[in-house]
1. Which value at 222 nm does the chain reach when only helices count, each DSSP H run of 4 or more adding -39,500 (n - 2.57), with the total divided by all residues and rounded to the nearest 500 deg cm²/dmol?
2. Could you tell me the relative contact order of the chain? Use alpha-carbon pairs under 8 Å, at least six residues apart, and round to a whole percent.
3. With label points built 7 Å along Cα→Cβ from the Cα atoms of residue 111 and residue 163, find their separation and express it in nm.
4. Subtract the Cα-Cα distance of residue 79 and residue 54 from 0.36 nm times their separation in residues, and report this length gain in nm to one decimal.
5. How many percent of the alpha carbon pairs in the chain exceed a separation of 24 Å?
6. What are the principal axis extents of the Cα atoms in region 1-119, in Å, biggest first?
7. Can you give the FRET efficiency for residue 131 and residue 97, using 1/(1 + (r/R0)^6), R0 = 22 Å, r = Cβ-Cβ distance, to the nearest 0.05?
8. Out of all DSSP beta bridges in region 3-274, what portion is antiparallel? Express it as a percent rounded to 5.
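Each value in this text was obtained by applying a stated rule to the coordinates, not by laboratory testing. Just so it is clear, the model here is predicted, and its values are computed rather than measured. Here the Cβ positions follow ideal geometry from the backbone for every residue, glycine too, while neighbour counts run over all protein chains shown.
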Ligand code: FE
Ligand code: FE
Ligand code: ZN
């Protein structure tokens, strides 16, 4: 299995890969830039080449790059919208330096403009930006529905994908905290939830899992990650989720509130339960 967590690449890529290995991970997620915004550091090809060698030797799965939270592709404010458009384009160009890395982003928040308008703006930027020559796959993250987030139902994600010209570039990253908060009851109806995902989006588009427990109750449309087994989902339903044959082969990324030591413990716990 491919299991990892969110790590910083502030000290370079090779250093992040070493850190991942030291905590028992064979994949990880990193921010493309400061999560609260700002500009991206130029990628260092030499550093990445060393990292790639190390990843290959340790049989790493695909990595995830996460776009900054401030990138709102459905913004109403022209300045925010413009920043999002620029960040998105820059990020996608930058992704070419990290071959085979998946690009995960929050679809956007419509800030009162309505879900339909949000979907139109999000798919509009994607269409303006994608050239079809990208080597990465774009992952729309399943959202919790807090505030005016777009993408907290499978139907909304499907609608975005439907409007994209280069649909072969589009995938989905499922966040176990977010879909619980959005009201998908996989604690009691795991097969039905996955069947629904398959019917509406298609399981072939599911490329990665964000693996988190939830601090807030089912269907509350909040977004508060908790450590595995310490939240309102609980360890058993979470393990059952990743044990499912359609989920098992995917990269599983922890975004639980942890320091590296805490991540190491959770990774060991998961590997123990999964028998790897
Ligand atoms: Fe996210
Ligand atoms: Fe997430
Ligand atoms: Zn979240």
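1. -12000 deg cm²/dmol
2. Relative contact order of the chain: 18 percent.
3. The answer from the label model is 1.7 nm.
4. Using 0.36 nm per residue and subtracting the Cα-Cα distance, I get 4.9 nm.
5. 47 percent
6. 48, 29, 20
7. For residue 131 and residue 97, the calculated efficiency is 0.85.
8. 15 percent
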